[in-house]
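In what follows, a structure is listed as C-alpha cells, so that the remarks can point back to it.
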Amino acid sequence: MVNPIRISFSFHFILTLFFLSAHQISAVDYPINVWPKPRTFSWAHPQASLISPNFSIIINPSSSSSSNPFLIRAVKRYHTQILSEKYNPLVTPLLNLTSTTQLQTLTVNVVDPAAPLSHGVNESYSLSIPTSEESTAATLTAGTVWGAMRGLETFSQLVYGNPPKIASGLFVSDAPLYPHRGLMLDTSRNYYPVHDLCRLIKALSMNKLNVFHWHITDSHSFPLVVPSEPELAGKGAYGEDMKYSPEDVKNVVKFGMEHGVRVLPEIDMPAHTGSWVYAYPDIVTCANMFWWPAGADWPDRLAAEPGTGHLNPLSPNTYKVVKNVIHDVLSMFPDSFYHAGADEITPNCWKSDPAIQAYVAKNGTLSQLLEIFVNSTLPYILSQNRTVVYWEDLLLDGNVNVSASLLPKENVILQTWNNGPINTKKIVDAGYRVIVSSSDFYYLDCGHGDFLGNDSQYDLPPGTNQGNGGSWCGPFKTWQIIYNYDIAYGLNEQDAELVIGGEVALWSEQADSTVMDSRIWPRTSALAESLWSGNRDETGKKRYAEATDRLNEWRNRMVKRGIRAEPIQPLWCIRNPGMCNTVHPFVVDDSCPNPKI
C-alpha cells in the first residue's frame, strides 16, 4: 500500500535515528504489545519496571500546555487508569524486573499546545521508558496535545499486573499514516442514548481513531433538537426520551475533545428526509408512501428501503428550513467538516410530486433539480468556513448527479461506499479528496440478513443456495477483511495523496445500544491499525497472521475497560499459540468442473 500521508515529527528525528540503529525483534516476539502497532517500537532487551504507588504524570510547567484543559483532563484520566487498571494479560509477559527501583514519573512535553483538534493536526509523539537502572523518569514528547493523548494511550497499554508494572528499556516513535480515521454511526433508524455515544468515543480514543461521524437524522426519525426548528424533533423523533438536545450535543462534543476525537455531524439531504414531513409536509415529496409498490420493478421504487421522503428543491420553504437547520447544526458542532449527505436520490420519489412533474414536462431533468438544491445550500455552508463532505452519489450516481463544476475541489470531499477501489479511483481521478467507506469491506451491519417483513426469500426449500442470507452487502465483514483492505489500492503515489483516510460504518436498521459494542469492536480495531501504521510488516508482507494474537489480547483489555467487544477466537487458541492457525493457503478454484467441456 502506498502510504499517502506521513505526519512529520522531526522534533524527535535524531532520537528516532538513534533508536532505529538498535537491535529490534519482530512484534510477534514481544512479550507485551500496543494496539494499534506503533510505527517504530525499539525494545532491544525486553524487561519491566515496577510503577511507584506515588507515580505521577507531569505536564512540563515551562510550556503553556500545562494549562490546556483537554490535556489536563487526559492526564488525570490516564493517571487513574494506570494505577487502578491492574490488567492481567491473557498470556503472562515473560519479563524480568531488573530491580526494585520504581518508575516515579512520566513527563509530558508538547511542542505546539495551541494547535486545535482539526483535520490534519499533528498526532505524532515519541515515548521513552528507561530501565530502572537508567532512570525513574519516563518522557513523552508530542507535537500537539492530541499527539500527547495518543502517547498516553500507548503508555497505558504497556502497563500490566498487580502491583502495576510497565515495559521498560524501550523507545516508541509514532504517527498515523492517515489523518482521517473514524467510524460512522446511524442514530436515526434506532436511537442510542448519550452515555452509549460517550462510551463509543472512549473506545475510539483507545484505538487512536480520531473521528466520530454522527449520522444523526434520516427518514426514520429526526432526533436532533434544532433550536430554530424545534418541531422537526418535536414531531420527528421517536419520543421525548429519544432526542438529542443542544446540551446533549455540547456534552458529546466536549467528551470527544477530551479524548482527541472530532465529532463530524451529518444531516442527510435532500433524500433520506421523510422524518421532516411531520413538521413541514409542504417541503417533502413521497413521504409515508409504500417504498416499493406491488407490481413495480426495482427501478420504480420510491426509496432504497422502507422510509420514504425527499426534500423538494422547488419549494421555497425548503431552503428557509434547511438554512435554519444547517445554521444551528454548525453552531452546535465546531468541527471544520460538515457532512451534507446527498446519497441515494430515488427518481420516482421526486417524480411523484406534481410541481416536479411539471418541471420535468418542460424538459427539466432530475439532475438539474439536484443542482438547484446544491446551488441553494452549498454556498451557505462554505460561507460558514466549513469543508463539506458528500457521499459519492452526488458525483457518481448513474441516474441523478451534479456536474463537478458545482463542487469546488478545495472545499468538497467525497465519501465512497460503492464498488470498492473502483469508485475510489473515479473520485481521485476527478481531483477530489476521498474518505473510503467501501461497503464491500467497511460496513459493519452487513451479514445480518435483512429487516423486511413478509420476505419470501427466507422461505425456500432445503438445499437452496442461501447466497448472502438476504443481506444486500453480505457476507459479514470479518476483522481480517477490514484489516487487509488497502484503501489506496490500485492508485499511484500522486493519486493516493487524495485518499485522506477511511471510516467503518454501522447503519442501524438492525442495531441499537444493546449490540453496539459487539457490532463495532474489535473489528473497528482492525481499521484502526491499518490506518495508523498499516497492515504490512517492514518487508511489505501482510501481517494479519501475527496481528491475531495481538488483537486477542487487545480485545481482552478493551473488555476489562468496559467495552463489550466480541471474541475473535476461543480462549484455548490464545493459551495454545499457533494451534488455531492454518498452514494451507487459500486457493481460488477456477478450474472447469467438467473436464470433457
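The numbers here are math on the coordinates, done by the rules we state, and not lab data. Remember, predicted model here, so these are calculated numbers, not experimental data. Ideal geometry is used to build each Cβ from the backbone, glycine not excepted, and the neighbour counts take in all protein chains shown.
Only beta bridges with both residues in the chain are counted; by DSSP, about 30 percent of them are antiparallel.
The alpha carbons of the range 369-408 give a radius of gyration and a Dmax of 10.2, 31 Å, in that order.
If R0 equals 22 Å, the separation of the Cβ atoms of Thr464 and Trp298 corresponds to a calculated FRET efficiency of about 0.55. Just check the range 23-177 against the gyration tensor rule for me: Cα atoms, a ≥ b ≥ c as the square roots of the eigenvalues, rounded for a/c under 1.5, and otherwise prolate or oblate depending on whether a/b exceeds b/c. Note, shape of the range 23-177 comes out prolate.
Is the range 479-559 best put as rounded, prolate or oblate by its Cα gyration tensor, with a ≥ b ≥ c the root eigenvalues, rounded for a/c under 1.5, and otherwise prolate when a/b is larger than b/c, oblate when not? Verdict is oblate for the range 479-559. Annotation: amide H of Leu224 within the under-5 Å range of Tyr244, sequence separation 5 or more or interchain, hydrogens built in the peptide plane. Straight-line cross-link reach from Lys362 at under 27 Å between alpha-carbon atoms covers these lysines, not counting any fewer than eight positions away in the same chain: Lys320, Lys351.
How would you rank 451-462, 246-257, highest first, on the average number of other Cβ atoms within 10 Å across their residues?
246-257, 451-462
Ranked by the mean number of other Cβ atoms within 10 Å of their residues, highest first, the peptides 195-204, 358-367 come out as 195-204, 358-367.
Remark: the Cα gyration tensor places the range 337-482 in the oblate category, a/c being 1.5 or greater and a/b not exceeding b/c. Take the Cβ atoms of Met242 and Ala545, set R0 to 56 Å, and the FRET efficiency comes out at 0.80.
Of the labelled figures (i) 43, 40, 22; (ii) 44, 29, 22; (iii) 59, 42, 19, only one reflects semi-axes √(5λ) of the Cα gyration tensor in Å as derived from the coordinates, namely (ii).
Which of the lysines could be linked to Lys202 by a straight reach, that is with a Cα gap under 26 Å, when you skip same-chain ones fewer than 8 residues away? Cα-Cα hits under 26 Å: Lys37, Lys76, Lys86, Lys165, Lys243, Lys250, Lys254, Lys477, Lys560.
If you wrap the tightest convex hull around every Cα atom of the range 140-260 and split its volume per residue, you get 136 Å³. Taken over the alpha carbons of the range 458-597 as equal point scatterers, the Debye sum produces base-10 log I(q)/I(0) values at 0.11, 0.13, 0.16, 0.21 Å⁻¹ of -0.60, -0.82, -1.11, -1.38. At full extension, Ser84 and Ser228 could sit 47.3 nm farther apart than now, given 0.36 nm per residue minus the alpha carbon distance. In the range 363-439, Cα pairs under 8 Å separated by at least six residues give a relative contact order of 27 percent.
The sum of -39500 (n - 2.57) across all DSSP H runs of n ≥ 4, divided by the residue count of the chain, sets its helix-only mean residue ellipticity at 222 nm to -9000 deg cm²/dmol.
Taking amide H positions as modeled 1.01 Å from N, with prolines and chain starts lacking one, the residues under 5 Å from Thr131 and 5 or more places away or on another chain are Gly169. Applying 1/(1 + (r/R0)^6) with r as the Cβ-Cβ distance of Ala355 and Leu382 and R0 = 30 angstrom yields a FRET efficiency of 0.60. Each of Thr101 and Asn251 was given a label point 7 Å from its Cα along the Cα-to-Cβ line. The distance between the two points is 4.7 nm.
Taking every DSSP bridge with both residues inside the range 86-142, close to 40 percent are antiparallel. Net length available on complete extension from Glu566 to Ser336 is 79.4 nm, with 0.36 nm assigned per residue and the Cα-Cα distance removed. Taking 0.36 nm per residue of separation and subtracting the Cα-Cα distance, full extension of the segment from Gln510 to Ser403 would add 35.0 nm.
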